[in-house]
1. Quick one: which strands (runs of 3 or more DSSP E) sit completely within the range 141-259 and have at least 2 residues that are on the phi < 0 side of the Ramachandran plot, out of contact with any strand residue (DSSP E or B) (no Cβ under 7 Å at 6 or more places or on another chain) and not polar (S, T, N, Q)?
2. What tally of residues in the range 109-128 results from selecting those that are open to solvent by 50 Å² or more (accessible area, probe 1.4 Å) and outside any helix (DSSP H, G or I)?
3. Pairs, please: C-beta under 8 Å, at least 6 apart or cross-chain, first residue without any contact (Cβ under 8 Å) to a residue 60 or more places away in the chain and within 12 Å of Asp151 (Cα to Cα) and in the range 220-243, second surrounded by fewer than 18 Cβ atoms within 10 Å (Cβ to Cβ) and not hydrophobic (A, V, I, L, M, F, W, C)?
4. Only residues that are of a type in the set (D, E, K, R) and within 27 Å of the chain's Cα centre (by Cα): list them for the range 212-251, please.
5. Scan the range 100-108 and give yes if some residue there is loosely packed, with under 14 Cβ neighbours inside 10 Å, of a type outside the set (A, V, I, L, M, F, W, C), over 20 Å from the mean Cα position of the chain (by Cα) and not in a loop (DSSP other than H, G, I, E, B), otherwise no.
6. Which pairs have Cβ atoms under 8 Å, sit 6 or more apart or on different chains, and link a residue in the range 110-135 that is of a type in the set (Gly, Ala, Ser) to one that is open to solvent by 70 Å² or more (accessible area, probe 1.4 Å)?
7. Does any residue in the range 142-171 that is over 19 Å from Pro227 (Cβ atoms) come within less than 8 Å, Cβ to Cβ, of a residue that is of a type in the set (A, V, I, L, M) and assigned to a helix (DSSP H, G or I) six or more places away or on a different chain, and which pairs are these?
Amino acid sequence: PKRLFLTSKDQMADRDSSADRGRGRGRGGFRGGREGGDDRGFGRGRGGRGDRGGRGGDRGDRGGRGGARRGREEEGAWIPVTKLGRLVKEGYIKKLEEVYLFSLPIKEYQIIDFFLPKIVDEVMKIVPVQKQTRAGQRTRFKAFVIVGDSDGHVGLGVKCAKEVATAIRGGIISAKMSVVPVRRGYWGNKLGKPHTVPTKVTGKCGSVSVRLVPAPRGTGIVAARVPKKVLQYAGIQDVYTSSKGSTKTMGNFVKATFAAISATYAYLTPDLWKKTRLIQTPYQQFSDFLSLSKTGHHKKVERLE
């Protein structure tokens, strides 16, 4: 019995020494090897989280490949998945103003590409944002993107993603789906085309407040760099601006300017007092086509004027 006890004790010692050697190898593997007796950070947990971070990078690469596939799909034919998309692709809705008239929600950015082929986009700012987690700080990128055709349509999109390219792509899609019409007017005599905002309008976001004031023809856009870019994409040629608050927060500055531009159609001026003949919404007017397209049978439906 004494000899068996000694044997088991020796075996336990051997197992402890081998386990220590294994832990040493594991710790060195996580941290890329401990050389020169470096004794910083003996916690295996921290090294393990670093290794998982590396695998997270690989997942990000797979996400990049997925984005490339989406890009190839976007280059192909557009297959609408909403009622509004099917009506637009089949030609039942002729103008984008018909969508705004009935306040139909736009859920596919291809609808904007269909009506506004000359629309362009620009990235206003990319700012890193962080979230504190148990594993440390998780950094993502937030992109502010504006789109417009410089002829009465402008949109603002905000998207946050792990990668800059993904954030920009998502911001462009979000901006296209948030495109709004811009009402333009005159400062004095109604000669030529509308060139400025019809009334004084104000937009606010956070502490930033932006006010747009009509200006005479030839004045130009009297504004800071950020709102000037948004007003140019909206198609406004002459305007005075006034801003208050922390305008160095560019995100809120852009949002406040976009809110002011969106408010141009919120005022019921006397020239809009005329009676408007109410008609059916496109969903009611072309309900026969929408019901047939569900079953896969397409039949041309006459348009009611």
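1. So the answer is 201-205.
2. Counting residues in the range 109-128 that are open to solvent by 50 Å² or more (accessible area, probe 1.4 Å) and outside any helix (DSSP H, G or I) gives 9.
3. Gln237/Arg217; Gln237/Gly220
4. Arg225, Lys228, Lys229, Lys244, Lys248
5. No.
6. Every condition considered, the pairs that remain are Ala135/Arg49; Ala135/Arg52.
7. Taking only residues 6 or more apart or on different chains, the pairs are Lys142/Ala167; Lys159/Ala167; Lys159/Ile168; Lys159/Ile173; Cys160/Ala167; Ala161/Ala167.
The values are calculated or read from the model by the stated rules, or taken from the named source; none is laboratory data. Treat the numbers as computed from the prediction; the structure is a model and nothing was measured. Reconstructed Cβ throughout: ideal geometry from the backbone, glycine too, with neighbour counts over all protein chains shown. The protein model used for the area step is the full one, side chains on, heavy atoms only, and it has no ligands, DNA or RNA in it. Shrake-Rupley method; radii C 1.70, N 1.55, O 1.52, S 1.80 Å.
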